[in-house]
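The values are calculated or read from the model by the stated rules, or taken from the named source; none is laboratory data. Note that the structure is a prediction, hence the values are computed from the model and not measured. Please note: Cβ atoms are built from the backbone with ideal geometry, for glycine as well, and neighbour counts cover all protein chains shown. Heavy atoms of the whole protein, side chains included, go into the accessibility calculation; ligands, DNA and RNA do not. Shrake-Rupley method; radii C 1.70, N 1.55, O 1.52, S 1.80 Å.
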Amino acid sequence: MNRRVSRGVAEAVAVAAAAVVAFPLYWMVLTALKPEAEVVSADPRPWTLAPTLDSFVRALTVQSFGRYLLNSLVVATAVVLLSLLLSFLAATALTRFRFRGRTTMLVMLLVVQMVPVEALTIPLFFVMRSVRDVAPAFGLNHLGSLVLVHLAFSLPFAIWMLRGFVAAVPAELEEAATLDGASRSRFLWTVLFPLVAPGLVATSVLSFIHAWNDFLFAKTFIISAAENQTLPLALQVFVKPDQNDWGAIMAGSTLMTIPVLVFFIVVQRRLVAGLAGAVKS
């Protein structure tokens, strides 16, 4: 009886927590589907009897909306691929090898994550302005600057998280592969890489969300090149001094959520395994 009561309470708490988390998403979609008169009404209702797609039409007809979407996809994809490659190699080196400064590097990975993003925005702006003279493709007003910055913020967490997955792979497995004639690089990519795939998926999801939803860095580093702006910046069109177009803002936000949901659905199984492995490690 006590076990049933405890389970019932736990399920009720889980449902309540899920409802709290899902309500903002529901309100976002609802606002996007409401007529403009209901959106600006002083008596908002949690439903609508006259759904419309006018807000989506206004969001999709923003000039260069497709370009903004492509820019966001390019930045997020580049960040995910580079962070996966670099974090996997770095986590393997920090786990499998013993070298001077290894402990210090691990501590620095934790310290870096404690620094607020806002505190580094201005210093990073000056860094990117200097990088423009050396490598224009990674300087201000270029998508490369966003890739570099997001990569710098994604790598510490990804390396620390993957370190647990790499450490969980027995060293005897590498010894057995060596006895079978496998080189270190072959063991790395054909044996170790598939075994830590769940951790790679978990870190890739976090990296993708961080890069996809970014507004601060995109606003800071893409100053005058409108053709290089990302999707979050496109929503600024609907923010006006006199009255914001909340219907279009919520419609654009809903459209921005779709790629994230698709990404989640594609990697769902490995994501659950990756998060479970991270908790165990």
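Tabulated values for the structure
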| read-out | value |
| --- | --- |
| Filter result (surrounded by fewer than 22 Cβ atoms within 10 Å (Cβ to Cβ) and in contact (Cβ under 8 Å) with a residue 40 or more places away in the chain) within the range 202-216 | VAL205, LEU206, ILE209, HIS210, ASN213, LEU216 |
| In the range 1-52, the residues that are of a type in the set (D, E, K, R), in a helix (DSSP H, G or I) and out of contact with any helix residue (DSSP H, G or I) (no Cβ under 7 Å at 6 or more places or on another chain) | ARG3, ARG4, ARG7, GLU11, GLU38 |
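Quick grid of which residues meet (1) assigned by the TED database to the domain that holds SER204; (2) modelled with pLDDT of 85 or more; (3) open to solvent by less than 40 Å² (accessible area, probe 1.4 Å):
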position	(1), (2), (3)
VAL237	yes, no, no
GLN243	yes, no, no
ALA248	yes, yes, yes
ILE265	yes, no, no
LEU271	yes, no, yes
